[in-house]
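Peer 1: Quick one: this structure, given as structure tokens, is what I'll be asking you about.
The values are calculated or read from the model by the stated rules, or taken from the named source; none is laboratory data. Note that the structure is predicted; figures quoted are calculated from it, not measured. In this analysis, Cβ positions are derived from the backbone assuming ideal geometry, glycine residues included, and neighbour counts consider all displayed protein chains.
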Amino acid sequence: MTITNNLKQILDELPQGVKLVAVSKFHPNEAILEAYQAGQRIFGESKVQELSAKHDSLPKDIEWHFIGHLQTNKVKYIVPYVSLIHGIDSFKLLAEVNKQAAKAGRTVRCLLQLHIAQEETKFGFSFDECRQMLDEGQWQTLTNVKLCGLMGMASNTDNAEQIDKEFCSLHTFFEEAKQRWFANDDSFKELSMGMSHDYHAAIAAGSTLIRVGSKIFGERNY
Ligand SMILES: *Cc1c(COP(=O)(O)O)cnc(C)c1O
């Protein structure tokens, strides 16, 4: 019952308005089912093949979130059922999601990923690249995607000040984006930030969606 207990611990202290994405990547269906039986319905995966296999074999009322780096050639596999794509990091990817969503007869909810960490390896727009993309306005012609907010990952560091600074910078940009491009759009309301080791700081900085894996399911065996 470890998973159930871990889950309850996190949910018990979650403020109103903050939702938990249980990140189940690399963990088997049995682990997901334990969390499901404890009431969890939102799960996050970062590999297309793994997500597809789990979606096919697990209960249909699970809300699947794709949280990883998405390649354009794989968009078509998840678009028919995915509930939220967290990692849109280029206009090209957004346009491909739109195209496949139109084919599937859906409107797919998406978050724009911003690069807020100091590490160079993480994906995402810079603030300026994102401003430029939103200013160009072509995204508004994509009627089968819905931009619902932003996502970011802080640096993988023990420096709490650094983490706070990065989360706050994303929150500030979120407010700017809401004001400048989404003032009349109530759907633009999600700020996806915070993982097992930093979700408290993320919540303090305004997160509405935390993505927690190892603190629920234990360490992953890569
Ligand atoms: C794996 C992953 C998480 C969860 O990480 P934990 O440290 O296990 O909580 C969150 N977000 C993204 C994008 C991930 O890839």
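Listed here are the residues, each with its yes/no results for (1) more than 30 Å from K99 (Cβ to Cβ); (2) under 16 Å from the mean Cα position of the chain (by Cα); (3) away from the ligand (no atom under 15 Å from the Cβ).
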| residue | (1), (2), (3) |
| --- | --- |
| R131 | no, no, yes |
| G137 | no, no, yes |
| T141 | no, no, yes |
| M151 | no, yes, no |
| Q162 | yes, no, yes |
| H171 | yes, yes, yes |
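Peer 1: Based on this model, can you work out whether G194 counts as within 12 Å of the ligand (Cβ to nearest atom), within 30 Å of N29 (Cα to Cα), over 14 Å from the mean Cα position of the chain (by Cα) and not aliphatic (A, V, I, L, M)? So that I can check it myself, show each step before the final result.
Peer 2: On the way: within 12 Å of the ligand (Cβ to nearest atom): yes; within 30 Å of N29 (Cα to Cα): yes; over 14 Å from the mean Cα position of the chain (by Cα): no; not aliphatic (A, V, I, L, M): yes.
No, not satisfied.
Peer 1: Among all residue pairs at least 6 apart or on different chains, which show Cβ distances below 7 Å where the first residue, located in the range 191-215, is among the basic types (K, R) and the second is in a loop (DSSP other than H, G, I, E, B) and within 10 Å of the ligand (Cβ to nearest atom)?
Peer 2: Filtered contacts from the range 191-215: R211/I67; R211/G194; R211/M195; K215/S196.
Peer 1: Looking at the range 197-210, which of its residues are within 10 Å of the ligand (Cβ to nearest atom), buried (at least 23 other Cβ atoms within 10 Å of the Cβ) and farther than 13 Å from L14 by Cβ?
Peer 2: D198
Peer 1: From A38, A53, grab the single residue that is free of Cβ contacts under 8 Å to residues at least 24 places away in the same chain and either surrounded by fewer than 20 Cβ atoms within 10 Å (Cβ to Cβ) or more than 13 Å from the ligand (Cβ to nearest atom) (or both).
Peer 2: Values: A38 fails: free of Cβ contacts under 8 Å to residues at least 24 places away in the same chain.
Of the residues listed, the single one that is free of Cβ contacts under 8 Å to residues at least 24 places away in the same chain and either surrounded by fewer than 20 Cβ atoms within 10 Å (Cβ to Cβ) or more than 13 Å from the ligand (Cβ to nearest atom) (or both) is A53.
Peer 1: While we're on this one: Just one of (1) among the aromatic types (F, W, Y); (2) modelled with pLDDT of 95 or more; (3) surrounded by fewer than 20 Cβ atoms within 10 Å (Cβ to Cβ); (4) not in a helix (DSSP H, G or I) trips up W64, so point out which.
Peer 2: Of (1) among the aromatic types (F, W, Y); (2) modelled with pLDDT of 95 or more; (3) surrounded by fewer than 20 Cβ atoms within 10 Å (Cβ to Cβ); (4) not in a helix (DSSP H, G or I), only one is false for W64: (3).
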